[in-house]
Amino acid sequence: MNEKTMVSDALSGINSELKMFGDMIPQTENMELKQTLKTLRNKCETSQEQLYQIATSKSYYVPAAKATDEEVQNVRNIFTQSAR
């Protein structure tokens, strides 16, 4: 297995864990457990960001083009309208 595959697999695994935390945290009533899960999620996010930086610096991952200001505003408008 080459380095690019290992980085990609690790990113995929971390992203799955982040989704899992996103599901578990709001369903947890125990505040101590909720805080522990949030701490673990934050550490997971830090790891994901570090791996992302490695992947992009080695061209293992090429992110999508950045959204234009107009695209960002359109999304804001959609969420603003749905919140009313």
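Rule-based calculations on the coordinates, nothing more; no lab input. What you are looking at is a predicted structure, and each value in this text was computed from that prediction instead of being measured. When we count neighbours, we look across all protein chains shown, and the Cβ atoms used for this are built from the backbone with ideal geometry, even at glycine.
Things worth noting here:
- For region 46-65, filtered to residues that are β-branched (Val, Ile, Thr) and farther than 17 Å from Asp9 by Cβ, the residue that is surrounded by the most Cβ atoms within 10 Å (Cβ to Cβ) is Thr46.
- Flag if Lys43 is of a type in the set (Lys, Arg), farther than 15 Å from Ile14 by Cα and assigned to a helix (DSSP H, G or I): no
- Of all residues in region 46-84, those satisfying the criterion of being part of a helix (DSSP H, G or I), farther than 30 Å from Thr5 by Cα and aliphatic (A, V, I, L, M) are Val72, Val75, Ile78.
- Cβ-Cβ contacts under 7 Å between residues 6 or more apart (or on different chains), taken from a first residue in region 12-38 that is part of a helix (DSSP H, G or I) to a second residue that is among the acidic types (Asp, Glu) and surrounded by 12 or more Cβ atoms within 10 Å (Cβ to Cβ), are listed as Leu18/Glu45.
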